[in-house]
Amino acid sequence: MNDTMHSMKTLKEHFIGYVVREAVKKASKGHVPRIMDLGCGTAVYVPSLKAKFPDFEYVGVEPIAESFREAEKNLADIPKAKVHFQLGYDEIPDEIEGSFDLVFSLSVLEHIKHLDRFIALSAKYVKSGGIVVHRYDLGHALHPHSLKEKLHVMLGNKLPSVLPERQFVRYVGEPEVRSLYERYGLKPVNTTYHQMPNHKHLEKFFRTTNSAIIDDLFDWEIKHQSEFKKIETKERERLFPAVAVWGEKN
Ligand SMILES: C[S@@+](CC[C@H](N)C(=O)[O-])C[C@H]1O[C@@H](n2cnc3c(N)ncnc32)[C@H](O)[C@@H]1O
């Protein structure tokens, strides 16, 4: 794959690359970094990650059968990559606790009914000194696209027990995530804010024609995080509906 093809990425793919780069940098020399992706969906982003960082082990976890099968296909030709068919609450067969350099999830927390169990699992599999990053989307809660979604968010927020796992969605507050990190031995080290709705929209126009625009947008996102943090929470979440909470295992 050449450089031009590499750089044709969405803002979210840029983010994944950024997270993996941090984990690779932090992993001890000579050790192949181990990465766990909870709620990996179809793991569609893994082949391009592998092209960029050839030497890491990837373990996905996905509870929806169709997505799991698709993930298996996407990972079929990739060495040291596999996916487990299960919820991100339960022990993962064959995987050793405290053995992952990075445990992350993308666009998952807002769909998690038992957030404490999910965060506890991520803390269990990351190694001491390793990184946990959960990046979640507030778009469903802040701008529901249908009456049904609005109703689901309302139930998810107020009466979570009535929604089945597969339809679960809610607003997630950053202080709640941080306090769960602390409860399970993860030190919250940073929170970053991403994906302005109009940037996501812009991405559609330039993704295949001028990837430099999207590369610059992502660099801009990272460069100005300290300024974004000064914005009042409600306004900041409206501007940046994707929130990533970064933690380090004690
Ligand atoms: C919006 S998708 C994101 C998929 C992928 N991470 C991505 O960014 O393309 C949310 C994923 O979370 C998974 N999910 C929902 N509840 C889960 C749970 N309790 N444990 C693990 N995964 C879950 C869903 O099956 C779905 O694949």
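When residue 69 is tested against the conditions (1) over 23 Å from residue 186 (Cβ atoms); (2) in contact with a helix residue (DSSP H, G or I) (Cβ under 6 Å, 6 or more places away or on another chain), the lone failure is (2).
In this structure, is residue 110 charged (D, E, K, R) and within 12 Å of the ligand (Cβ to nearest atom)?
Numbers: charged (D, E, K, R): yes; within 12 Å of the ligand (Cβ to nearest atom): yes.
Considered against the rule, which asks whether it is charged (D, E, K, R) and within 12 Å of the ligand (Cβ to nearest atom), residue 110 comes out as yes.
When you look at residue 116, is it more than 10 Å from the ligand (Cβ to nearest atom) and crowded, with 23+ Cβ neighbours inside 10 Å, yes or no? No.
Restricting attention to segment 23-54, the residues that are without any contact (Cβ under 8 Å) to a residue 24 or more places away in the chain and either within 16 Å of the ligand (Cβ to nearest atom) or outside any loop (DSSP other than H, G, I, E, B) (or both) add up to 1.
If you go through segment 85-99 and keep only what is under 19 Å from the mean Cα position of the chain (by Cα) and under 20 Å from residue 115 (Cβ atoms), you end up with 86, 87, 88, 89, 90, 92. With respect to residue 76, determine if the residue is hydrophobic (A, V, I, L, M, F, W, C), away from the ligand (no atom under 13 Å from the Cβ) and over 29 Å from residue 222 (Cα atoms). Spelling it out, residue 76 is indeed hydrophobic (A, V, I, L, M, F, W, C), away from the ligand (no atom under 13 Å from the Cβ) and over 29 Å from residue 222 (Cα atoms). When residue 99 is tested against (1) within 15 Å of the ligand (Cβ to nearest atom); (2) at pLDDT 95 or above, only condition (1) is not met. Restricting attention to segment 91-113, the residues being exposed (fewer than 15 other Cβ atoms within 10 Å of the Cβ) and β-branched (Val, Ile, Thr) number 1. Among the conditions (1) under 23 Å from residue 104 (Cα atoms); (2) touching a His at 6+ places or on another chain (Cβ under 7 Å); (3) without any contact (Cβ under 8 Å) to a residue 60 or more places away in the chain; (4) not polar (S, T, N, Q), the only one that residue 218 does not satisfy is (3). Here the condition is being farther than 22 Å from residue 96 by Cβ and buried (at least 20 other Cβ atoms within 10 Å of the Cβ); of 52, 73, 25, 9, it holds for 9 alone. So residue 216 fits all but one of (1) out of contact with any strand residue (DSSP E or B) (no Cβ under 9 Å at 6 or more places or on another chain); (2) under 30 Å from residue 123 (Cβ atoms); (3) surrounded by fewer than 17 Cβ atoms within 10 Å (Cβ to Cβ); what number is the exception? Status for residue 216: all satisfied but (2). Each residue in segment 64-101 was checked for being part of a strand (DSSP E or B), within 19 Å of residue 54 (Cα to Cα) and either touching a residue at least 40 places away in the same chain (Cβ under 8 Å) or not basic (Lys, Arg) (or both), and 4 pass.
Restricting to segment 119-165, count the residues that are of a type outside the set (A, V, I, L, M, F, W, C) and within 10 Å of the ligand (Cβ to nearest atom).
Our first condition is that a residue be of a type outside the set (A, V, I, L, M, F, W, C); within segment 119-165, this holds for 122, 124-125, 127-130, 134-137, 139-140, 143-146, 148-150, 152, 156-158, 160-161, 164-165.
Subset that is within 10 Å of the ligand (Cβ to nearest atom): 135-137, 140, 165.
Result for segment 119-165: 5.
None of 104, 118 is in a strand (DSSP E or B) and modelled with pLDDT of 95 or more except 104.
Let's see how each residue does on (1) more than 30 Å from residue 21 (Cβ to Cβ); (2) surrounded by 17 or more Cβ atoms within 10 Å (Cβ to Cβ); (3) among the charged types (D, E, K, R); (4) out of contact with any Leu (no Cβ under 6 Å at 6 or more places or on another chain):
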site	(1), (2), (3), (4)
125	no, yes, no, yes
130	no, yes, no, yes
142	no, no, no, yes
148	yes, no, yes, yes
154	yes, no, no, yes
159	yes, no, no, yes
164	yes, no, no, yes
167	yes, no, no, yes
175	no, no, no, yes
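Here segment 57-66 is the region considered, the condition is being surrounded by fewer than 20 Cβ atoms within 10 Å (Cβ to Cβ) and within 13 Å of the ligand (Cβ to nearest atom), and the residue that is nearest to residue 30 (Cα to Cα) is 63. Evaluate segment 83-90: report whether one residue or more is of a type in the set (Asp, Glu), loosely packed, with under 15 Cβ neighbours inside 10 Å and within 10 Å of the ligand (Cβ to nearest atom). For segment 83-90, residues of a type in the set (Asp, Glu), loosely packed, with under 15 Cβ neighbours inside 10 Å and within 10 Å of the ligand (Cβ to nearest atom): present.
The values are calculated or read from the model by the stated rules, or taken from the named source; none is laboratory data. Please read these numbers as outputs of a predicted model, since none were measured by experiment. Please note: Cβ atoms are built from the backbone with ideal geometry, for glycine as well, and neighbour counts cover all protein chains shown.
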